[in-house]
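Asker: Structure incoming, see below.
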Amino acid sequence: MMDRRRFVKSAGALVALSSMNLSDLRAADPAALKIINIVRTQSGFEREKLIRPFGFKGGYLTELWQVASRMQSDSGISRIGLATQSVLYGDSDLFPRQSETEGNAMMYNLVNKALEHVKKTPFRTPLELLDKILPAVIEDGRKITAKQDLNINFVYNALVGVDNAAWLTYAAENKFSSFEAMIPEPYKKALSHRNKKIAIMYQIPYGMPMEDLKNAVKQGYFVFKIKSGAPGSQSEMIHADIERLSLIHETLKNLRTEQTENGKLIYTIDANARYEKKETLLKYLDHARKIGAFDQILLIEEPLNENNEESVADIDIRIGADESVHDEQSAIKRLDQGYKVMVLKGIAKTLSLSIKIAKLAADRNVPCMCADLTVNPILIDWNKNLAAHLAPFPVINMGMMETNGDMNYVNWKNMVNYHPAAHASWMIPNKGVFELSPDFYERSGGIFDSSDHYQSMF
């Protein structure tokens, strides 16, 4: 006979089980997940022109390749994952060594190498798949580029579409129908929030006219992401960066928003690892204080060179880690060095890596935000799902993400129509935020829905 205590315990377990569907149980128990075998892969790409040269990291882009990776499992399930290639982001030293087209061709070649590895690698979760194929793909990347010190972010960028296709296949095989459901159990707590709003970081690249900023404020944008790290030597760079900050602040300092408690606009600074020494960053911040801009700076993204190991714990502003985080070990290293924000780039460095970093950050109560790569509208909603489920960012008390495709692509209006939920309310900025309705969470921003346009590529 079962005693009362055992009965109550068992009954409680049954109640808990009854409230979960089978897909929830599979997410909680890795052993219950299906082993997925990919038997066929394909890829294709489209070249999308930019309105004007897009400057960051000391260089300029004129176009971005949109890559579609298709995989089919032995059970007949077929899914397409998308990526936006950026060789300049992936490896800024490699970028100027050949033409823009040649660099993109190298990365696209690497995509196809990765897909070949996928066909030889059974997996239960996309995280497992990425861990298994990454060493081989890194080696392939070195051979394709003839660069032994190839930045790993070049490899991750090539893997984004492959990883997304794996997530969609994994979800279909295990009957997960939402972003929340498909996140494996160890990472769910870090992505357990449902933000009602996400602040949009309005990007200010090199050379953007000041009139564009005034118009952005009129449209309701209140978080402005300023690209620093101008082209040239370190002395030329800091001189240009200081002058640029002065110009931007002079344009924005007296403008107001309803979205912040003090009515002032918010700045974030992104140097894309261009500053070789901490003292250069401190010089920039001293100038920000001098002109009255310092108190409006919410964070500085990846100011220092990836190999710079100086502590930033003594700097009285949030410093975020981005390019220098390429695995859990490097994330921990940056956290130990005093970095107080983790910049997630699920659309540049894979969703798989991003959720690992999100967990590490949550374990230390460190906030995260999501940066852009000038991606297409569907990838924006992949990024939006990530930002939507993170803890609200301090000060603004909502999610925070960057998106800038609408101001940079010549063909943006058509690209929006490639989205299976084109013109849904959650896709349209409203006073500088994305408002996330229950429909957004029910449909996970449309990422599980098929796009007729990208399907037609195959």
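Asker: Of Ala136, Ala172, Ala165, Ala146, which residue is at pLDDT 95 or above, hydrophobic (A, V, I, L, M, F, W, C) and either within 27 Å of Asp363 (Cβ to Cβ) or buried (at least 22 other Cβ atoms within 10 Å of the Cβ) (or both)?
Answerer: Ala165
Asker: Among Leu298, Leu344, which is the only one that is closer than 15 Å to Thr268 by Cβ, out of contact with any Phe, Trp or Tyr (no Cβ under 9 Å at 6 or more places or on another chain) and among the hydrophobic types (A, V, I, L, M, F, W, C)?
Answerer: Checking each option against the conditions leaves just Leu344.
Asker: Just wondering, is there one or more residues in segment 303-313 that are small (Gly, Ala, Ser) and either within 27 Å of Lys359 (Cβ to Cβ) or in a helix (DSSP H, G or I) (or both)?
Answerer: Yes: segment 303-313 contains one or more residues that are small (Gly, Ala, Ser) and either within 27 Å of Lys359 (Cβ to Cβ) or in a helix (DSSP H, G or I) (or both).
Asker: Please work out which residue is farthest from Asp212 (Cα to Cα), limiting yourself to segment 243-279 and to residues that are over 27 Å from the mean Cα position of the chain (by Cα) and of a type in the set (S, T, N, Q).
Answerer: Applying the filter and picking the extreme gives Asn262.
Asker: For segment 441-458, which positions are part of a loop (DSSP other than H, G, I, E, B) and under 17 Å from Ala424 (Cα atoms)?
Answerer: Of everything in segment 441-458, those that are part of a loop (DSSP other than H, G, I, E, B) and under 17 Å from Ala424 (Cα atoms) turn out to be Ile447, Phe448, Asp449, Ser450, Ser451.
Asker: While we're looking at this one, here's another question. Kindly indicate whether Gln148 is more than 25 Å from Leu64 (Cβ to Cβ) and free of Cβ contacts under 8 Å to residues at least 12 places away in the same chain.
Answerer: yes
Asker: Which ones in segment 48-73 are in a strand (DSSP E or B) and closer than 13 Å to Leu373 by Cβ?
Answerer: Glu48, Leu50, Phe54, Phe56, Leu61, Leu64, Trp65, Gln66, Val67, listed by residue number.
Asker: Something else now. How many residues does segment 351-387 hold that are part of a helix (DSSP H, G or I) and out of contact with any Lys or Arg (no Cβ under 7 Å at 6 or more places or on another chain)?
Answerer: Residues flagged as part of a helix (DSSP H, G or I) and out of contact with any Lys or Arg (no Cβ under 7 Å at 6 or more places or on another chain) within segment 351-387 amount to 22.
Asker: Counting only residues that are within 21 Å of the chain's Cα centre (by Cα) and part of a helix (DSSP H, G or I), which one in segment 406-440 is surrounded by the most Cβ atoms within 10 Å (Cβ to Cβ)?
Answerer: Phe440
Asker: Next question. Could you list, in sequence order, the residues of segment 156-191 that are touching a strand residue (DSSP E or B) at 6+ places or on another chain (Cβ under 6 Å) and of a type in the set (D, E, K, R)?
Answerer: Across segment 156-191, the qualifying residue is only Glu173.
Asker: Is it the case that Asp363 is among the acidic types (Asp, Glu), within 28 Å of Leu130 (Cβ to Cβ) and surrounded by fewer than 24 Cβ atoms within 10 Å (Cβ to Cβ)?
Answerer: The answer is yes for Asp363.
The values are calculated or read from the model by the stated rules, or taken from the named source; none is laboratory data. Predicted model only: the values in this text are computed from it and were never measured. Reconstructed Cβ throughout: ideal geometry from the backbone, glycine too, with neighbour counts over all protein chains shown.
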